[in-house]
Amino acid sequence: MNFVDIATIEISSGSGGNGHISFRKEKYVPKGGPDGGNGGKGGDVIIKSIKNLNTLLDFKYKRHFKAENGHNGGKSGKTGKDGKDIYIYVPVGTVIKDLDGNLLCDLSEPEQEYIAAKGGNGGWGNVMFATPTNQAPRRSNPGLPGEEKTLILELKLLADVGFVGFPNVGKSTLISTISAAKPKIADYPFTTLVPNLGIVRISDSKNFVVADIPGLIEGASGGKGLGFQFLRHIERCRALLFMISAESDNPEKDYKILRDELEAYNTDLAYKKRIICITKIDILTEKEINKLKKITFNEKNTPKILISSISNFNIEELKYLMWNSINEE
């Protein structure tokens, strides 16, 4: 499984270089003044988001990152060279937290940078300690140590519409129908073990990204099933597509469970735009379809649609419904 959306890393910025003690040695100046230079600054640890990554897999194999130390100061007042910064590249959408879970930075745009650990300043050479009363100081400072931190990286997928539903409601089939994504599809629970992204094209100038999130079950917000570990990916979606199978004995109850689980995980999800979608209607009779059309789900202003990914019934209508939901004010 190449998709990894959480990782822990250890980082260390560089320590500053030490200040130098030396004195000028000139032919006709037997007692030259101090000329020891300052130490260079230690390198920073910088985390940067880039477009061509979509997983935190690399951090499964490399967890420790250290920037270069600053170089020591030299004679003739020469300042030591600064240590090189180290860059850690992560996917766009990566959230950085400390071990207590506090949010440090959200890299939600390409080419964003976050200085995760600042390098230590260089120490002073003895030239900095010269005074009118002490013109030949034999004193310097060591460089300041770098910072050491343990950070948690969490990847939250950037998608316009997130598919939410119980296992086997047809999320993977739908994303394979409306986009070029080709997830694994089978008739048993938890076929989808990782989120899948797909680009839906309506026209050359109109396209949007959808995310197929692994199936939720009742209790997911409390840690049950697979859905809990992927709920973070729903937080960034601009709209949610609640998918309920036509095979359900109680569609209204299924919708309420899904809605309650999302809101238990994050109350902000209650305010996201949503669409209710009944799937697999190709297996129903006309009488059963008409019965489903009458269900309100206790949602007055939420769009509802019946579809079949197998027969392509209402698929184009659903695509435009999703497009409108993320573009209307």
message: So, in segment 125-172, exactly how many residues are part of a strand (DSSP E or B) and either among the small types (Gly, Ala, Ser) or in contact with a Leu (Cβ under 8 Å, 6 or more places away or on another chain) (or both)?
response: 10
task: Take the residues in segment 30-60 that are in a loop (DSSP other than H, G, I, E, B) and among the acidic types (Asp, Glu), then tell me which one is modelled with the lowest pLDDT.
output: ASP35
query: Restricting segment 247-261 to residues that are without any contact (Cβ under 8 Å) to a residue 60 or more places away in the chain and buried (at least 20 other Cβ atoms within 10 Å of the Cβ), which is nearest to ASP160 (Cα to Cα)?
result: ARG259
- request: Would you please name the residue that is farthest from LYS256 (Cα to Cα), looking only at residues in segment 289-299 that are surrounded by fewer than 12 Cβ atoms within 10 Å (Cβ to Cβ) and of a type outside the set (Lys, Arg)?
  value: ASN290
- request: Give me the pairs, please: first residue somewhere in segment 279-296 and more than 22 Å from LEU174 (Cβ to Cβ), second residue anywhere and in a helix (DSSP H, G or I), beta-carbon distance under 9 Å, and either six or more positions apart or on two chains.
  value: THR296/GLU252
task: Under 8 Å between Cβ atoms, at least 6 apart or on separate chains: pull out the pairs that start in segment 1-29 with a residue that is assigned to a strand (DSSP E or B) and end on any residue that is at pLDDT 95 or above and among the aromatic types (Phe, Trp, Tyr).
output: ILE9/PHE65; GLU10/PHE65; ILE11/PHE65; SER12/PHE65
- prompt: Any residue in segment 75-89 that is surrounded by 15 or more Cβ atoms within 10 Å (Cβ to Cβ) and among the aliphatic types (A, V, I, L, M)?
  reply: yes
- prompt: Could you count how many residues in segment 84-110 are part of a loop (DSSP other than H, G, I, E, B) and in contact with a Lys or Arg (Cβ under 7 Å, 6 or more places away or on another chain)?
  reply: 3
- prompt: Looking at ALA264, ALA270, which one is exposed (fewer than 13 other Cβ atoms within 10 Å of the Cβ) and small (Gly, Ala, Ser)?
  reply: ALA270
- prompt: If you check ARG201 against the conditions, is it within 20 Å of the chain's Cα centre (by Cα) and at pLDDT 70 or above?
  reply: no
message: If I filter segment 112-143 down to residues being modelled with pLDDT under 95 and of a type in the set (Lys, Arg), which single residue comes out as surrounded by the most Cβ atoms within 10 Å (Cβ to Cβ)?
response: ARG139
- request: Determine, yes or no, whether THR302 is free of Cβ contacts under 8 Å to residues at least 40 places away in the same chain and either surrounded by 15 or more Cβ atoms within 10 Å (Cβ to Cβ) or in contact with a Ser or Thr (Cβ under 8 Å, 6 or more places away or on another chain) (or both).
  value: yes
- prompt: Here are PRO110, PRO34, PRO91: which of them is in the same structural domain as LEU151 (by TED's automatic domain parsing), of a type outside the set (D, E, K, R) and closer than 30 Å to ARG138 by Cα?
  reply: PRO34
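The values are calculated or read from the model by the stated rules, or taken from the named source; none is laboratory data. Note that the structure is predicted; figures quoted are calculated from it, not measured. Note that each Cβ is placed from the backbone with ideal geometry, even for glycine, and that neighbours are counted across all protein chains shown.
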